[in-house]
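Notes to accompany the following structure.
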Amino acid sequence: MERNPLNLPEILEVISQYLWRPDRARCLLVSRLFYSVMVPRVWRKIVLEPPTPSYRGSIAMLLRSELPKPSYPTGEALEHHKHHIQELEFRGEYPSEYFSLVGCSQLRTLGLSSWILTEHLPADKAIEKMNPAVMGLARLAAVHALNIRQVSICLTKDPMLTVTEGLWSALVQCSELEQLLLKNLTVPNECNSSFFKVCENVSSLSLISVKIPSVPNKAIDISEGIRTIDIENNANGNDDTGNFTLQGPRTITIVGPPYLQLMTLRTHQIDPKMVRACIHLESMTWRQHAEMGTGLESIPDWDDAPFCNDLSANPWPFSRLVSLDLSWTMVHDEALARVLSQLHKLKTLRAIRTGFGRASLHQLFAERWTSSGESADRLCDSIETLVVDMCTNLTGAMIQTILSSCRNLVVFSADKISIEDIARGKEWICTELQELRFFLSAEVHSSYQDSSPMTENLRMQRAAFAQLGQLTRLRILYLTYIRRSERTRMKTLHLRVESGLELLTGLKYLRELYFQGDDSQKLGVEEAAWMVENWPQLRKLRGSVNEDLRVLEQMKSVLFARQISFH
């Protein structure tokens, strides 16, 4: 006798992963088995927010002078199922019944926000309601101190709430706390000690528009333990009153090993000693953004920022970096090359709209030596992700050199390379590549065309197809790369079987193919059938496949049958 698969708890567990919470709640009424499987998922996360009745229902309640029922469980149901709760998020509703909960053995995450309140109450009234809510959250955290892993408190910006000792004392007790996010609040001076003690315990600290006391020298030592610190909104350093303030809309700073991110317009306002103290830094993102409504010319040059100069001065303090993002910093080629010359373990380099060019490329191939004098891998042998879009110094020949030299590349993104560059270059060795984004131009310079230009163009296209065909792990391929600010028409490889498409038979893992901006494509039913047969993982085609509506309808029937979308 065959068993019904819906009588197997393992099957129901899988099904429950794809259901919305209301659907899971309905499943509780099906049977005892459904109930036992679904109830932990129904109660896993409770969001407390004001009810949103329908317009007709709200009018009826007003006529009967009734309040809408809460959208969250209360009373006996809450008490009976509280041991299933893993996440509690207070969004504008702060019932004392929840703040007094005891015995939530699986509670791991607490969240408190006031943005819903500010939509319906004046700021001062919202603050009055938030004070007891923050203290209630502190009590809840203290009672479950051994379980809590994540806490987030996002308050109103104007006026900012001053959070007193009660919260910090409660969080100090949370010995397993890993992530703390604070937004729009003030830490008073008398809480300096307990606040930084909390910082020492967490591995990820996010501060967004937070005003904290003056940073003591000891605060630098917390960088040994913290992996991530997000400090958003203008880190001005110590002001005239001795306070370290984080305010203003233009700066995001993330500091702390092994992750450092600086996104700032005014880099000279950040204290470099807090960054240099992160001696175990493994990943750094350094950004500079233009003023709203202005062009790139308003971004300060790398050498004009004292903060940048301090960090990049010899000796480079971040020799352990495995990931570096200098996108949009306007760093010139020689400065970037100096930075790269001091790195030995780099796996990820993102340098969008920088001066990356010949000097930087040279450092990818330069021999490396450790501090002890031992030979180390060249960067071209260790680099796995390289993103160098919009680098005007980077030529198609350089892109060809990268593809034929960096054997461990997994993600590569650049601008224009021509089929001529590929045909005249060496064989690509980046067989681990999974994502490739560039504009592969099918145009051939007239000075290199023989007596039969069409034959020469086809030969070079097939050479490009052959190189792509070796990338058997490829999942995402961009043959054109149009940005929103550009309207340039592009002409890339002819994606026809007779032009060389059959050379891509080995791309069995290809999921996405992009050729937007090329209106010259003439794909037909033959190509659609070929893709279905040879690319079993294909799910997206993006580009103008054919202008003939009749052919499009025929292709649609072939591609849609295999759940391949295209437009």
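None of the figures in this text is laboratory data; all of them are computed from the coordinates on show. Being a predicted model, the structure only gives us computed values, none of them experimental. Quick reminder, even Gly has a Cβ in these numbers, built from the backbone with ideal geometry, and neighbours come from all protein chains shown.
Note on region 141-189: Rg/Rh from Cα positions, Kirkwood definition for Rh, rounded to two decimals, is 1.00. The 3J(HN,Hα) values that the Karplus relation (6.51, -1.76, 1.60; θ = phi - 60°) gives for region 16-33 are, in residue order, 4, 5, 9, 9, 6, 4, x, 5, 5, 4, 5, 5, 4, 8, 6, 6, 5, 5 Hz. Gly and Pro appear as x.
Couplings 3J(HN,Hα) for region 534-542, derived from phi with the Karplus relation 6.51 cos²θ - 1.76 cosθ + 1.60 (θ = phi - 60°), are 9, 10, x, 9, 4, 10, 9, 10, 10 Hz, where x marks Gly and Pro.
For region 342-435, the normalised intensity computed at q = 0.20 Å⁻¹ comes to -0.97 (log10 of I(q)/I(0), Debye sum over alpha carbons, equal scatterers, no solvent). Extension gain for Arg539-Ala397 works out to 47.9 nm (0.36 nm per residue, less the C-alpha to C-alpha distance). What the Cα convex hull of region 491-567 gives, in volume per residue, is 76 Å³.
Highest mean packing comes first when the peptides 27-38, 175-186, 457-468 are listed by Cβ atoms within 10 Å, giving 457-468, 175-186, 27-38. Remark on Leu161: its backbone amide H falls under 5 Å from those of Thr186, a criterion applied only to residues 5 or more positions apart or on other chains, H modelled at 1.01 Å from N. Couplings for region 189-197, taken from phi via the Karplus curve 6.51 cos²θ - 1.76 cosθ + 1.60 with θ = phi - 60°, read 4, 5, 9, 3, 4, 5, 4, 6, 5 Hz in order; Gly and Pro are left as x.
Put simply, the amide H of Thr285, placed in the peptide plane, has neighbours under 5 Å in Leu260, Gln261, Leu262, Asp325, leaving out anything fewer than 5 places away on its chain. Rounded to 0.05, the FRET efficiency of the Arg475 and Ser319 pair, given R0 = 25 Å and the Cβ-Cβ distance, is 0.15.
In this structure, the pairs whose alpha-carbon distance is over 29 Å, taken from Lys125/Lys197; Lys45/Lys345; Lys129/Lys197; Lys345/Lys491; Lys45/Lys211, are Lys125/Lys197; Lys45/Lys345; Lys345/Lys491; Lys45/Lys211.
Return the loop-located GluC sites (Glu not before Pro) in region 357-432 (DSSP other than H, G, I, E, B) with at most 10 other Cβ atoms within 10 Å of their own Cβ; answer none if there are none. Qualifying residues, ordered by number: Glu367, Glu374, Glu427.
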